[in-house]
Amino acid sequence: MDLSFLYRQVIMDHYKNPRNKGLINDANYLSIQMNNPSCGDDIVVQMKVEDGKIIDIKHDGKGCSICCSSASVMSEALIGLNKEKAIIVVNEFYELVKGMPFNEAIIQGDILAYQGVANFPARIKCATLAWKAIEKGIDERMNDGR
């Protein structure tokens, strides 16, 4: 089976059946809204951190299949990680989508479906939008001591 076909299936599965989708009205969740004006993607990512660990991530928004599915994959990949490990995963994801060498011990599973994004530079912003939002949230949480 063609690997790119398999990756397209993974992306479409996360687009049609997003994990952790839906926002929560809870003051313990930090909300970060980001958009990509060049293609219309608009997303809100929420995260809940306890004892230095991401215990929940939610997302909602509108956008292309790359953007929305990537938010789903990001939420699954980062829940349960401490903030330092989460930043490492985020940075390795950026390397993956840019077509750069990445740490295969860190980037595994459904995240690998975004390897082909490097062939479409205009789509890199789509793939990374939710990841940029969570990175901003992690930075804010690290700086406020929570």
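The values are calculated or read from the model by the stated rules, or taken from the named source; none is laboratory data. Treat the numbers as computed from the prediction; the structure is a model and nothing was measured. Using ideal geometry, Cβ is built from the backbone for each residue, glycine included, and neighbour counts are taken over all protein chains shown. Accessible surface is based on the protein model in full, side chains and every heavy atom, while ligands, DNA and RNA are left aside. Shrake-Rupley method; radii C 1.70, N 1.55, O 1.52, S 1.80 Å.
Inside the stretch 105-124, residues that are part of a helix (DSSP H, G or I) and either out of contact with any Ser or Thr (no Cβ under 7 Å at 6 or more places or on another chain) or surrounded by fewer than 17 Cβ atoms within 10 Å (Cβ to Cβ) (or both) make up a count of 13. Close contacts from the stretch 26-54, counting a first residue that is more than 11 Å from Leu129 (Cβ to Cβ) and a second that is modelled with pLDDT under 95 and surrounded by fewer than 17 Cβ atoms within 10 Å (Cβ to Cβ), with Cβ to Cβ under 6 Å and a gap of 6+ residues or different chains, come to Val49/Arg146.
Selection of the stretch 17-38 for residues being surrounded by fewer than 17 Cβ atoms within 10 Å (Cβ to Cβ) and aliphatic (A, V, I, L, M) yields Leu23, Ile24, Ala27.
If you take the residues of the stretch 103-134 that are of a type in the set (Gly, Ala, Ser) and without any contact (Cβ under 8 Å) to a residue 24 or more places away in the chain, which of them is farthest from Glu92 (Cα to Cα)? Top of the filtered list is Ala118. Checking the stretch 10-24 against the condition returns a match, with at least one residue being over 21 Å from Val89 (Cβ atoms), of a type in the set (Val, Ile, Thr) and free of Cβ contacts under 8 Å to residues at least 60 places away in the same chain. For the residues Tyr29, Tyr15, the requirement of being out of contact with any helix residue (DSSP H, G or I) (no Cβ under 8 Å at 6 or more places or on another chain) and of a type in the set (Phe, Trp, Tyr) singles out Tyr29. The residues of the stretch 76-91 that are surrounded by fewer than 24 Cβ atoms within 10 Å (Cβ to Cβ) and over 9 Å from the mean Cα position of the chain (by Cα), listed by number, are Ile79, Gly80, Leu81, Asn82, Lys83, Glu84, Lys85, Ile87, Ile88, Val89, Asn91.
Residue count for the stretch 46-75 satisfying the condition of being part of a helix (DSSP H, G or I), crowded, with 17+ Cβ neighbours inside 10 Å and either touching a helix residue (DSSP H, G or I) at 6+ places or on another chain (Cβ under 7 Å) or among the charged types (D, E, K, R) (or both): 9. Within the stretch 80-99, the set of residues being over 19 Å from Ile11 (Cα atoms), touching a residue at least 12 places away in the same chain (Cβ under 8 Å) and either of a type in the set (Asp, Glu) or not in a helix (DSSP H, G or I) (or both) comprises Gly80, Leu81, Asn82. All conditions in (1) open to solvent by 30 Å² or more (accessible area, probe 1.4 Å); (2) out of contact with any helix residue (DSSP H, G or I) (no Cβ under 9 Å at 6 or more places or on another chain) hold for Phe102, with the sole exception of (2).
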